[in-house]
Amino acid sequence: MTMHLTVLDHPLVDHKLTVLRDKNTPSNTFRELVYELVTLEAYEATRDLTVEDAPIETPVAPTVGKKLSKPRPMVVPILRAGLGMLDGMTRLIPTAEVGFLGMKRDENTLDIVTYANRLPDDLTGRQA
């Protein structure tokens, strides 16, 4: 599996991260900032989703638009911290399937330990 890294270098992201990290930020503001940041992140993370032509009828004339290709994209939050990001992702891609991974770090070896895996057995061709 190939992973692509995108760095969000944007003044809005910088500002929102600063407020989010401030220990004096109230819980309700924190949750709202997480939602806003996920929306900005999801926009960039979905830039390369596969689409296909979709012929449609507009009020003016027929045209060809784009729709997400199948299989549906999959959103996979890493438990537990990733759960706070799930709502923002699924609001942007409401047709996405949702899977879950539970992972933690072994404090002695620093290895990653997977303790929960709720993903389809076959991920062939899936965009996550």
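The values are calculated or read from the model by the stated rules, or taken from the named source; none is laboratory data. Everything numeric here is computed off the predicted structure, so don't read it as measured data. Cβ atoms come from the backbone with ideal geometry, glycine included; neighbour counts cover every protein chain shown. Accessible surface is based on the protein model in full, side chains and every heavy atom, while ligands, DNA and RNA are left aside. Shrake-Rupley method; radii C 1.70, N 1.55, O 1.52, S 1.80 Å.
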TODO: Read through the list (1) farther than 25 Å from Leu123 by Cα; (2) assigned to a strand (DSSP E or B), then give the number of the only condition that Asp53 fails.
DONE: (1)
Open item on the list: Conditions first: (1) more than 30 Å from Arg31 (Cβ to Cβ); (2) touching a Phe, Trp or Tyr at 6+ places or on another chain (Cβ under 7 Å). Asp122 passes all but one, so which condition is the exception?
Closed with: (2)
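Hey, among Val60, Val64, Val34, which residue is in contact with a Pro (Cβ under 6 Å, 6 or more places away or on another chain) and more than 27 Å from Thr124 (Cα to Cα)? Quick ask: steps written out before the conclusion?
Numbers: Val60 fails: in contact with a Pro (Cβ under 6 Å, 6 or more places away or on another chain); Val34 fails: in contact with a Pro (Cβ under 6 Å, 6 or more places away or on another chain).
Checking each option against the conditions leaves just Val64.
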TODO: Answer yes or no as to whether Tyr43 is farther than 23 Å from His10 by Cβ, of a type in the set (Phe, Trp, Tyr) and either open to solvent by 100 Å² or more (accessible area, probe 1.4 Å) or part of a helix (DSSP H, G or I) (or both).
DONE: no
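Return the only residue of Thr95, Thr109, Thr124 being open to solvent by less than 100 Å² (accessible area, probe 1.4 Å), without any contact (Cβ under 8 Å) to a residue 40 or more places away in the chain and over 25 Å from Tyr35 (Cβ atoms).
After applying the criteria, what remains is Thr109.
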TODO: Kindly provide the set of residues from the stretch 1-30 that are within 18 Å of Gly84 (Cα to Cα), part of a loop (DSSP other than H, G, I, E, B) and among the hydroxyl-bearing types (Ser, Thr, Tyr), ordered by number.
DONE: Thr25
Open item on the list: Which of the numbered conditions does Val7 fail, given that it passes all the others? Conditions: (1) over 24 Å from Gly125 (Cα atoms); (2) of a type in the set (A, V, I, L, M); (3) at pLDDT below 90; (4) surrounded by 15 or more Cβ atoms within 10 Å (Cβ to Cβ).
Closed with: (4)
Open item on the list: Among the residues of the stretch 56-75, are any open to solvent by 60 Å² or more (accessible area, probe 1.4 Å), among the basic types (Lys, Arg), in a helix (DSSP H, G or I) and in contact (Cβ under 8 Å) with a residue 12 or more places away in the chain?
Closed with: no
Task: Every residue from the stretch 76-92 that is under 18 Å from Asp48 (Cβ atoms) and open to solvent by less than 70 Å² (accessible area, probe 1.4 Å) - done: Val76, Met89
- [ ] Could you tell me whether any residue of the stretch 35-53 is out of contact with any helix residue (DSSP H, G or I) (no Cβ under 8 Å at 6 or more places or on another chain), touching a residue at least 12 places away in the same chain (Cβ under 8 Å) and on the phi > 0 side of the Ramachandran plot?
- [x] no
